[in-house]
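Participant: Could you have a look at this structure, given as structure tokens, before my questions?
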Amino acid sequence: MTRYIDNKFSDLFNRQKVNQFKIGNSTYKERIKKLEALRNALEFSYKQKIRDAMYADFKKPFLETDLTEIYPVLSEIKFAKSNLKSWLKDQKVGTPLALLGASSYIKYEPKGVCLIISPWNFPINLTFGPLVSAIAAGNTVIIKPSEMTPNASGVMADIVTELFTDDEVALIEGEVEVSEELLKLPFNHIFFTGSPQVGKIVMKAASEHLTSVTLELGGKSPTIIDDSANLETAVKRIIYGKFTNAGQTCIAPDYVLLKADLKAEFTTLFKSKIAEFYSEDVKSSESYSRIVNPKHFGRLVSYIEEAKLNKSDIASGGSYNASDNYIEPTLIFDMPEDSKLMTDEIFGPILPVKTYSNIEETVNYINSKEKPLALYIYSKSKKNIDFIMNNTRAGSGCVNHNLLQFLNHNLPFGGSNNSGIGKAHGFHGFEAFSNRRAMMKQHTLGATDFLLPPYSNFKQKLVDLTLKWF
Ligand code: NAD
């Protein structure tokens, strides 16, 4: 650590730069072997250490750690293992007749030396997930995990040190200043996961070196419920999506837009499902996480206090306990539009619900805000589902459920504009860490050979024919 700080990481960076061609020329089998070693660490040798670290960081239940931190990385590895051979093959593409005699293909080459900056909310998943793509694509990598989950970062540092030499993959723990120093270096690609605010800082720094970026950002993800929906199923699934990880999930439903006449039934179902999932005494439930630190706890409490001050309708929950950063699952109806709860990304276990009368209102409301990372709708009406999907824009979505879109590696994962730039997962992640080199092979005689100077009437005729027909 000190060794890196003293020379501002440039020594480490330069060693990776020197090593990049060796790593980039590694075979498919060699890359799979590395991914297998990572799989082995996560599934076996470090599994309990990861669970303990996540519990120490914010009391994340073991089962949730297995399901939302370890499993997504294992399945990313499995997917890469099944597909990497074909991803690495040169991709033949057609060639226009005007270029007769030539053949064309896309060669996927590694970007080179990459930086992964990851957040605290799913630290293992969102650090090692991109790492799998970076390794599959043949890059060297420097990782800067979040300072807010030091236990998770510590275990990841141990895993990386055990599996890799630091001229291939290095993990640097530390505060924001470490990220700031790293961002000064001329990386070939930066894969950042975090808030839109910090995403802008990363993009600005990247522009200094014209470094390409993947920005996996956040925002307010809406959930619409119309009057054709199966309300019980909708409430159950929304509660799962919202309160897993205590709401600290980028694609959690941020707020609900609810058909007004469903309010009473929604509230009753909400209370009964919370009790079913987490018991009548949620704070004693071993299935419910805590808020990551006092800073975020204070931010979320200020939302609840603002609701109390406004005399808003807190229909369920509203209690909290600073001694262990506990916030009760909380349901609040119709907060003022300018309240923090309705303007900021919530990233915690508070669910504001805004009621509507006509489905058109939901679209107008969503489109008055930044493009969300995810948009969900609970409905049996094809007309309503199509109307919502055709008249809004978002990074991803799910009809009649939430979060699940993250788990299908065939789907690109990422936002649009304010919620992100570029995509992750499966081939899309491999592509993010690859340069698509455009290649053409010209055979001994090609059509263009007939068009070289000196120009003549005959050549002009050939050009005329080309303009007309090819
Ligand atoms: P954050 O943006 O505060 O921090 C993310 C990373 O950036 C951390 O490693 C941090 O050390 C670093 N960082 C912070 N300030 C920096 C600065 N000034 N310069 C350089 N680096 C800096 O985000 P967070 O609080 O860790 O995570 C929550 C945010 O991440 C939410 O907005 C959430 O929606 C988003 N998120 C997005 C995804 C996704 O896949 N799209 C996944 C998880 C979280």
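The values are calculated or read from the model by the stated rules, or taken from the named source; none is laboratory data. Source: prediction; values computed, not measured. Don't worry about glycine lacking a Cβ; one is built from the backbone with ideal geometry, like all the others, and counts go over all protein chains shown.
Participant: Please list, ordered by residue number, the helices (runs of 4 or more DSSP H) wholly in segment 191-281 having 2 or more residues that are within 16 Å of the ligand (Cβ to nearest atom) and within 27 Å of the chain's Cα centre (by Cα).
Facilitator: Answer list for segment 191-281: 196-209, 231-243.
Participant: Taking segment 432-470 only, how many residues are modelled with pLDDT of 90 or more and either touching a Pro at 6+ places or on another chain (Cβ under 9 Å) or at positive phi (or both)?
Facilitator: Looking only at that region, the number is 5.
Participant: Tell me yes or no: at least one residue of segment 89-111 is in the same structural domain as Asp66 (by TED's automatic domain parsing), at pLDDT 95 or above, on the phi > 0 side of the Ramachandran plot and not in a strand (DSSP E or B).
Facilitator: no
Participant: Then there's this: Take segment 302-333 and flag every residue that is outside any helix (DSSP H, G or I) and hydroxyl-bearing (Ser, Thr, Tyr).
Facilitator: Hits for segment 302-333 are Ser312, Ser316, Ser319, Tyr320, Tyr326, Thr330.
Participant: What pairs come up if the first residue lies in segment 390-412 and is farther than 16 Å from Thr223 by Cβ, the second is aliphatic (A, V, I, L, M), and their beta carbons are under 6 Å apart, counting only those six or more places apart or on different chains?
Facilitator: If the second residue must be aliphatic (A, V, I, L, M), the pairs left are Asn391/Val363.
Participant: Another question about this same structure. For segment 385-437, how many residues meet the condition of being crowded, with 18+ Cβ neighbours inside 10 Å, away from the ligand (no atom under 16 Å from the Cβ) and farther than 28 Å from Phe187 by Cα?
Facilitator: Residues in segment 385-437 being crowded, with 18+ Cβ neighbours inside 10 Å, away from the ligand (no atom under 16 Å from the Cβ) and farther than 28 Å from Phe187 by Cα: 4 in total.
Participant: Does at least one position in segment 137-150 carry a residue that is more than 10 Å from the ligand (Cβ to nearest atom) and in contact with a His (Cβ under 9 Å, 6 or more places away or on another chain)?
Facilitator: Yes, segment 137-150 contains at least one residue that is more than 10 Å from the ligand (Cβ to nearest atom) and in contact with a His (Cβ under 9 Å, 6 or more places away or on another chain).
Participant: Sticking with this one: With the structure loaded, tell me whether Glu64 is acidic (Asp, Glu) and buried (at least 24 other Cβ atoms within 10 Å of the Cβ) or whether it fails that test.
Facilitator: no
Participant: Right, Phe21: surrounded by fewer than 20 Cβ atoms within 10 Å (Cβ to Cβ), among the hydrophobic types (A, V, I, L, M, F, W, C) and in the same structural domain as Ile135 (by TED's automatic domain parsing) or not?
Facilitator: yes
Participant: Looking only at segment 128-177, which residues are assigned to a helix (DSSP H, G or I), farther than 30 Å from Arg290 by Cα and polar (S, T, N, Q)?
Facilitator: Ser133
Participant: Name the residue that is surrounded by the most Cβ atoms within 10 Å (Cβ to Cβ), counting only residues in segment 118-147 that are under 11 Å from the mean Cα position of the chain (by Cα) and within 13 Å of Ser179 (Cβ to Cβ).
Facilitator: Across segment 118-147, the extreme among qualifying residues is Ser118.
Participant: Taking the condition buried (at least 23 other Cβ atoms within 10 Å of the Cβ), in contact with a Lys or Arg (Cβ under 9 Å, 6 or more places away or on another chain) and either modelled with pLDDT of 95 or more or outside the structural domain of Pro253 (by TED's automatic domain parsing) (or both), does Ile327 pass?
Facilitator: Judged against the criteria, Ile327 is a match.
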